[in-house]
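Undergrad: Before anything else, here's the structure in question.
Derivation of every value follows stated rules applied to the coordinates shown; laboratory data play no part. Note that this is a predicted model, so its numbers are computed, not measured. Note that each Cβ is placed from the backbone with ideal geometry, even for glycine, and that neighbours are counted across all protein chains shown.
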Amino acid sequence: DVKVTQSSRYLVKRTGEKVFLECVQDMDHENMFWYRQDPGLGLRLIYFSYDVKMKEKGDIPEGYSVSREKKERFSLILESASTNQTSMYLCASTQNGYSYEQYFGPGTRLTVT
Amino acid sequence: RKEVEQDPGPFNVPEGATVAFNCTYSNSASQSFFWYRQDCRKEPKLLMSVYSSGNEDGRFTAQLNRASQYISLLIRDSKLSDSATYLCVPLDTGRRALTFGSGTRLQVQP
């Protein structure tokens, strides 16, 4: 079975802190994605990567950056956390070719106070 | 207009009922569609794929109406375990990424 893991299930940070969210997949998938999910807004794409060291902006990249130094690991970075970044963050991965069957990690509930 | 629109619900139905959700999409170039299921406080998981006019998998039927730009999900003989949020997802092949609807919540009651 594909496994996507995220470094924390729950995280509480203060405004202005630098925050790292880590995601690791074990199926040699080419594509990896970061979403945030908020009530009534659904899943919104922040950034994605289709290869090591490659990244593309999603729909809401402002305030975030990403890093993909190894194929299996995709990190989301909040340079200076703000309260409006309080959300559920979900990482996903897919094989190359088709991005439809996305395998999600369990999510990180981030609270910024 | 949002790229993907779904009735948020909740749809409250008794066990054994048949229930249908619709999803409208704005990108007429979308060729493939997917339904994902998300249980409360869990991650989304792929439920069904729709590549032509429709797809059937057991109690679940997905139908696509390209002319009106909507897809539907029909669940027959609802089970308690079907209680979840159902996310509609059109695939934009030019984008490499998916656009998720905000979901329709289903609550099946005993």
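Undergrad: What is the set of long-range amide H partners of residue A:8 at a cut-off below 5 Å, with H atoms built 1.01 Å from backbone N?
TA: Amide H neighbours of residue A:8: A:22.
Undergrad: Is there a simple number for the mean count of other chain Cβ atoms within 10 Å of the Cβ of residues in A:29-38, and what is it?
TA: For peptide A:29-38, the averaged partner shielding equals 2.
Undergrad: Please express the Cα-Cα pair-distance distribution P(r) of the protein assembly as shown as a list of whole percents, one per 10 Å bin, running from 0 to the bin with the greatest distance.
TA: 8, 33, 34, 20, 5, 0
Undergrad: Please label the shape of chain A as rounded, prolate or oblate, based on the square roots a ≥ b ≥ c of the eigenvalues of the alpha-carbon gyration tensor (a/c under 1.5 means rounded; beyond that, a/b larger than b/c means prolate, else oblate).
TA: Prolate.
Undergrad: Could I ask something else about it? So in the protein assembly as shown, which Cys have no other cysteine's beta-carbon sitting under 4.7 angstrom from theirs?
TA: Within the protein assembly as shown, the cysteines lacking a partner Cβ under 4.7 Å are B:40.
Undergrad: Can I ask one more? Rounded to the nearest angstrom and ordered from largest down, what semi-axes does the equivalent ellipsoid of region B:6-55 get from its C-alpha gyration tensor (root of 5λ)?
TA: Working from the Cα gyration tensor, I get semi-axes of 22, 15, 12 Å.
Undergrad: Inside 10 Å of the C-beta atoms of A:105-112, what's the mean count of C-beta atoms belonging to other chains?
TA: If you average over the peptide's residues, the count of other-chain Cβ atoms is 1.
Undergrad: Oh, and also: Taking the convex hull of the alpha carbon atoms in chain B, what volume per residue do you get, in Å³?
TA: Dividing the Cα hull volume of chain B by its residue count gives 95 Å³.
Undergrad: Continuing with this model, one more query. How would you rank B:48, A:27, going from fewest to most other Cβ atoms within 10 Å of each one's own Cβ?
TA: Fewest-to-most ranking of B:48, A:27: A:27, B:48.
Undergrad: Here's something else I'd like to know. If you count, for every residue in A:39-51, the Cβ atoms of partner chains within 10 Å of its Cβ, what is the mean?
TA: 4
Undergrad: Counting pairs on different chains as well as pairs 8 or more places apart, how many Lys pairs in chain A have Cα atoms under 24 Å apart?
TA: Within chain A, the lysine pair count is 15.
Undergrad: Whole number please: convex hull volume per residue, Cα atoms of region B:44-93, in Å³.
TA: It is 94 Å³ per residue.
Undergrad: By per-residue mean of other Cβ atoms within 10 Å, what is the highest-first order of B:76-82, B:28-34, A:42-48, A:20-26?
TA: So the order, starting with the most tightly packed, is A:42-48, A:20-26, B:28-34, B:76-82.
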